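What follows is a single structure, written as structure tokens, with notes after it.
Bear in mind these aren't lab numbers, they're just calculated from the coordinates by the rules spelled out. Since the model is a prediction, treat every value here as computed from it, not as a measurement. Here Cβ is always computed from backbone atoms with ideal geometry, including for glycine, and neighbour counts include all displayed protein chains.
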Amino acid sequence: MLINEGAMGRNRRIRRLGQAGLWLNPMVAYFFLWAPILVLVLFSFNSSRSVASFSGFTLKWYSNILNNVMGAESAFSTAIMLNAFRNSLFVGTVATAISTVLGTMIALAMARGKFPGKRLIDGLLFLPVVIPEITQAISLAIFFKVAFDWFALLSGERVFPGFHTIIAAHVTFNISYVAIVARARLADMNPRLEEAANDLGANPWRAFWRVTFPLILPGVISGALLAFTLSLDDFVITFFTSGVGTTTLPVFVYGLLKLTVTPEVNAISTIMMLISTLLIGISLAMQGRAASRV
Amino acid sequence: MDRQFSLDMKTRWGHMKKSGALLALPTIAWLFIFFVLPLLIVLVVSFLSRGRGGVALLPFTLQHYERTFDVFFIILRRSISLAGLTTVICLLVGYPLAFFISTRRRRLVQQITLFLVILPFWTNFLIRTYAWRILLGEQGTINGLLLSVGVIDEPLTMLNTQFAVLVGLVYGFLPFMVLPIYASVERFNFRYVDAAYDLGANDARAFLRVILPLTMPGVLAGCALVFIPSVGAFVTPDLLGGTRGLMIGNLINKQFGGSGNMPLGSALSIVMMAVVMLSLLVYVFANRRERGA
């Protein structure tokens, strides 16, 4: 009896310790997740150039980046940064349009079609999501080099990497994400609705545009927004497939980040964080509204 | 004969139309040209010799693979062990965190605590990694804080070390561990735990024999999702590691610069792919066994 009570006491002590740990762990984890971001934002407002201690509030660094100033040592041009941002928007828009069409098509084929080799296609769609970015990046870089070399040999004209190569690369990694999101939506949809449309005399084309498409539209839209965000954020693959004059914002920012820690870079980072948070917030709100309407 | 052929083509066309394969064709073609073909080219190039300016030339050779497992073995090993360590730390931090989130009673609290994990990851990966340069630098925030409190007299060297890379990788990929585990703990029926207690199990036993096995699919998915991008990391070691924290991703990148060596870069990347594929296989088999059990 006594031994048993001792064991129970120990069990209770361990449990209390475990419960404390279960509270402590999330607190430490949340601190770990948020501290770097908060420090970055904080020091973008620091009146001295130091990131070791905070000495006062200023908006100087924000006005600097609008006035072509970027610390003492590095050349910086607001115009080039804005141009990179424009390039990012252009690449993102075109790549999203193409990958949304291609991704939705394959999602439809996989959900409704009956043909052999589906598991192989599943693998093909799954791989771009899991293989490391650097592998995809260098394989595309080599591929474009080989393709352009052959083209020059055959036609005598040289083609250089540029928007077309970046867009082709972005479409390739975006297709899988669009397909995954669209397929989830298709899986939720009742196929009887299409059959009903067919029974009522609609041809497949008409049944698709009048029944299927409106129902999967929220999935297609959220897939497109995901693709757009991934496109805007991508650095590694763009870095390896971009050419002269087609620098996107992440590639431009990478050039700054690599150099040194300056308050101006902190200010640019803070602005970029704000933009992407807003963008995703809006897309989530739209998804929520679209989902509640259907 | 000719008519027979055209008829045949027509029925086949009709069959494809009906089966929906036609709809899949353009996407498959795209992925073949821009995904499969490039990987095949990398495979071929990895066996070619290095020409002037780092380009690939005939004849075929195995020397790049030899160098990968000889000169660069230390970096390959470092990449794998850093990725492994990242996975273990993410699991140790992520499991209790996911458990904490999914056991909140009120739905709203659950959503907020989950949101607090996801939100930092809406910011660009480059910027999230850069933030650690501010914290870990010689004249960074952590050193500034420790010096002013008086814990240390000399600034600690943290940036441009393997430690910095490890911190950056854990920071970069922690949500990939938390989200799948959260999903499986969320689905877990806690009555099983009560049953285990009723049958005389203590806490440790209930966790090890009931909770852990039933949330194993989430754990396995999380480990795969953290390990794979960690092995192939390029940005994190590039911004935080310096030369001491060099990983295989940086080595590959270097082969595509001015004094590069494309075939060597290709061989390195094929070896990395093999590591990734191997870990995917382990994941698939472990998952299958887990489901079977």
Label-to-label distance, nm, for residues given as B:Val36 and A:Leu217 (7 Å Cα→Cβ offset): 3.5
Residue-averaged 222 nm ellipticity for the protein assembly as shown, from DSSP H runs of 4+ at -39500 (n - 2.57), nearest 500: -24500 deg cm²/dmol
Shape metrics for segment B:173-268, restricted to C-alpha atoms - Rg then Dmax, Å: 21.2, 68
Radius of gyration and maximum dimension Dmax of chain B, Cα, Å: 25.2, 93
For residues of A:262-268, the mean tally of beta carbons on other chains within 10 Å: 1
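Within 10 Å of each Cβ of A:101-112, how many other protein chain Cβ atoms are there on average?
4
Considering all alpha-carbon pairs of segment A:209-269, what whole percent are spaced by more than 12 angstrom?
Roughly 74 percent, once rounded to a whole number.
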In segment B:68-138, chymotrypsin sites (Phe, Trp or Tyr not before Pro) in a DSSP loop with at most 16 other beta-carbon atoms within 10 Å: none
Counted charge near A:Glu264, where neighbours are those whose Cβ lies closer than 10 Å (Asp, Glu -1; Lys, Arg +1): +2
Span-like helix ranges in chain A, DSSP H, alpha carbon extent 27 angstrom or more, Kyte mean at least 0.0: A:2-43, A:78-112, A:133-155, A:163-188, A:213-233, A:263-293
Cβ-defined net charge surrounding A:Ile216, 12 Å radius [Lys, Arg +1; Asp, Glu -1]: +1
Relative packing of B:197-205, A:205-213, A:30-38, which averages over residues the other C-beta atoms within 10 Å, highest first: A:30-38, A:205-213, B:197-205
Residue of B:Gly168, B:Gly218, B:Gly140 that the Gaussian network model of chain B assigns the largest fluctuation, springs spanning Cα pairs under 10 Å: B:Gly140
Enclosed volume per residue, in Å³, of the convex hull spanned by Cα atoms of chain A: 266
Rg over Rh [alpha-carbon atoms, Kirkwood Rh] for segment B:232-276: 0.98
Alpha-carbon centroid distance for the pair segment B:223-238 / segment A:219-249, whole angstrom: 19
Calculated Rg and Dmax of the protein assembly as shown using C-alpha coordinates, Å: 26.7, 96
At least 20 Å along the helix axis (C-alpha) and Kyte average at least -1.0, DSSP helices within chain B: B:73-102, B:162-187, B:216-231, B:262-292
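Return the average number of partner chain Cβ atoms within 10 angstrom of each residue Cβ along peptide A:48-56.
Mean number of neighbouring Cβ atoms from other chains: 4.
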Charge context of B:Thr113, other residues only, Cβ under 15 angstrom, K/R +1, D/E -1: +3
Most fluctuating residue given options A:Glu264, A:Glu194, A:Glu133, as computed from a GNM of chain A linking Cα atoms under 10 Å: A:Glu194
Compactness of segment A:80-172 as Cα Rg over 2.2 N^0.38 Å, two decimals: 1.34
Listed residues A:Arg86, A:Arg12, A:Arg49, most fluctuating in chain A (Gaussian network, C-alpha, under 10 Å): A:Arg12
